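Q: Just passing along the structure, written as structure tokens.
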Amino acid sequence: MSTDDQANGAGPLHLLKMAVGVGSVDELREFRSARRKERGGSWVYTRNHPRRTEAVLGGGSIYWVIRGQIRVRQLVTGFRSERDDQGRAYCLIEVDECLIATLWRPWRPFQGWRYLTPADAPPDAPAGYHRQGCTGDPMPERMLAELRALGLL
């Protein structure tokens with residue numbers, strides 16, 4: 001994405017990833033925290049290195065799909081190419097540790113990661129809604145589900 005696109009409100013390109021085996025934002029937060037302590041950094045492993053890294057690094061995030069819904073995002077801060085013991089290439093997507101809640105958006109299952117355009121990215125949730133790992137106490141998932149069912153979120 002060019003800087004002209006970003007200046008015209010197109011926004012940065014994002015990544016989308018399934019949070020496999022994770023049932024809630026709380027579980028994802030615990031999992032990411034444990035990984036950060038275990039590995040000394042906040043990053044996501046993937047076999048395929050994104051090619052459009054400059055567009056993502058211009059303010060893009062990795063959006064997490066949990067139980068069929070995009071629910072939360074993390075700001076992408078860098079990319080590192082590495083090789084394993086057998087010489088196979090992989091990529092570490094470096095992310096900010098803060099999980100930023102989004103308005104929920106349904107998304108079908110897929111493997112690996114996908115690009116997510118600004119037009120397809122859900123907006124951030126209202127302040128105080130559910131900012132795990134940042135500041136403030138989040139609303140319980142059950143309460144959020146009830147408010148959404150009533151059309152209030």
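The values are calculated or read from the model by the stated rules, or taken from the named source; none is laboratory data. Nothing here was measured: the structure is a model prediction, and the numbers come from that model. Every residue, glycine among them, receives a Cβ derived from its backbone with ideal geometry; neighbour counts consider all protein chains shown. We work out accessible area using only protein heavy atoms, side chains counted, and drop any ligands, DNA or RNA first. Shrake-Rupley method; radii C 1.70, N 1.55, O 1.52, S 1.80 Å.
Q: Could you list, ordered by first residue, the pairs with Cβ atoms under 6 Å in which the first is in the range 13-30 and in a strand (DSSP E or B) and the second is surrounded by fewer than 18 Cβ atoms within 10 Å (Cβ to Cβ), at least 6 apart or interchain?
A: Final answer for the pair search is L16/R114.
Q: If the Cβ limit is 8 Å and pairs must be 6+ apart or interchain, which residue in the range 43-67 that is more than 27 Å from G23 (Cα to Cα) pairs with which residue that is open to solvent by less than 10 Å² (accessible area, probe 1.4 Å)?
A: R52/L13; A55/L13; L57/V76; L57/G78; G58/L13
Q: Quick check, is V25 touching a His at 6+ places or on another chain (Cβ under 7 Å) and surrounded by 11 or more Cβ atoms within 10 Å (Cβ to Cβ)?
A: On the way: touching a His at 6+ places or on another chain (Cβ under 7 Å): yes; surrounded by 11 or more Cβ atoms within 10 Å (Cβ to Cβ): yes.
Here the answer is yes, as V25 does meet what is asked.
Q: Then there's this: Quick check, is A145 open to solvent by less than 60 Å² (accessible area, probe 1.4 Å), part of a strand (DSSP E or B) and at pLDDT 70 or above?
A: Spelling it out, it is not the case that A145 is open to solvent by less than 60 Å² (accessible area, probe 1.4 Å), part of a strand (DSSP E or B) and at pLDDT 70 or above.
Q: Only residues that are in a loop (DSSP other than H, G, I, E, B), closer than 16 Å to V22 by Cα and without any contact (Cβ under 8 Å) to a residue 60 or more places away in the chain: list them for the range 70-110, please.
A: The answer is R108, and nothing else.
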